[in-house]
Amino acid sequence: MKNTKIIAVANQKGGVGKTTTTINVGAALALTGKKVLLIDLDTQESLSNFLGIYNAENNIGKALYKTVNRETIDLADYIVTNEVNRVDIIPAELNTMQRIAIDLVSVRSKETVFRRLINQNSELLSRYDYILLDCPPSLNVILDNALTASRYVLIPCQAHPLSYPPLPNLLLQINEIQAELNENIEIIGIVPTMVDRSNNSKTTVEMLRGNYSDIVFESEIERMAVAANSALTEKAVVLSNAKDNRVSREYKALTDELVSRIEGV
């Protein structure tokens, strides 16, 4: 999997645009000809639901349980192709994910279960240019697993004062994973999301750029109803043909910036 880029899309605070960022960056990458796999590691299964998948029998939680039990898993049986968004996905299932998030705590080498699963399927997964992990909104063992298996971390941060204070805790957890389990992990950037014209939004973005200037993306994602409404159509905003869709252009710009940082192009 030398050329496959695994990116954890992470923030322990919910409602910051994490899942929306995952699907839109994934779809934008696919538009450029990249082969993309999304993996739903969120205990709320929001990404799976966005793509019209509910109660998936073959889900990532089930695969994690099998990995814990030292069973052989072929992830080809778990991958679902989404033609509309031009991506593949390994879905989550709500109850299974909630159980595994608890049960993993007592497992030996609990932070490396997902990495073992990835390594076991390296030949299959090497077909993808990018693998995006939609992580849970919590500093839990599932997030640890995602970070341990990832090369990069993309952090969506809502442009709101309440979204800023938890950020140092996430950065600390990433640093700890880097020191103990995954020396190659790198924060590829923080992207301000749900940006509007309010003073609170402006102040939060200024704080992000002031304190984390070296990793904050130039791209910002506006707060617009079209982004929320895209979930109703199960279609990423970046696939919209509307000429005035600023959010679509912003996600495409973010994706271009992301690729430039990773691939140097």
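So here's what we get for this one:
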quantity	calculated
Members of the range 7-29 found to be touching a Phe, Trp or Tyr at 6+ places or on another chain (Cβ under 9 Å) and surrounded by fewer than 22 Cβ atoms within 10 Å (Cβ to Cβ), listed by number	none
Qualifying position, being of a type outside the set (Lys, Arg), touching a Leu at 6+ places or on another chain (Cβ under 9 Å) and within 25 Å of residue 236 (Cβ to Cβ), among 87, 113	87
In the range 133-155, the residues that are buried (at least 23 other Cβ atoms within 10 Å of the Cβ) and of a type in the set (A, V, I, L, M, F, W, C)	133, 135, 142, 143, 146, 147, 149, 153, 154, 155
Qualifying residue in the range 47-67 (condition: closer than 30 Å to residue 253 by Cα, touching a helix residue (DSSP H, G or I) at 6+ places or on another chain (Cβ under 6 Å) and either buried (at least 16 other Cβ atoms within 10 Å of the Cβ) or small (Gly, Ala, Ser) (or both))	yes
Contacts under 8 angstrom Cβ, first residue in the range 12-40 being modelled with pLDDT under 95, partner acidic (Asp, Glu), 6 or more apart	18/42; 18/134; 19/42; 19/134
Of residues in the range 182-205 being loosely packed, with under 12 Cβ neighbours inside 10 Å and free of Cβ contacts under 8 Å to residues at least 24 places away in the same chain, the one nearest to residue 12 (Cα to Cα)	183
Given (1) within 30 Å of residue 171 (Cβ to Cβ); (2) modelled with pLDDT under 95, number of the condition residue 72 does not satisfy	(1)
Residue that is surrounded by the fewest Cβ atoms within 10 Å (Cβ to Cβ), among those in the range 167-181 that are in contact (Cβ under 8 Å) with a residue 60 or more places away in the chain and over 17 Å from residue 215 (Cα atoms)	181
Subset of the range 211-265 (residues that are surrounded by fewer than 18 Cβ atoms within 10 Å (Cβ to Cβ), at pLDDT below 85, of a type in the set (S, T, N, Q) and in a helix (DSSP H, G or I))	229, 233
Members of the range 156-196 that are hydroxyl-bearing (Ser, Thr, Tyr) and in a loop (DSSP other than H, G, I, E, B)	164
Condition check for residue 151: of a type in the set (D, E, K, R), under 19 Å from residue 6 (Cα atoms) and in contact with a Leu (Cβ under 9 Å, 6 or more places away or on another chain)	no
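The values are calculated or read from the model by the stated rules, or taken from the named source; none is laboratory data. Keep in mind that what you see is a predicted model, and the values were worked out from it rather than measured. Glycine also receives a Cβ, built like all others from the backbone with ideal geometry; neighbour counts cover every protein chain displayed.
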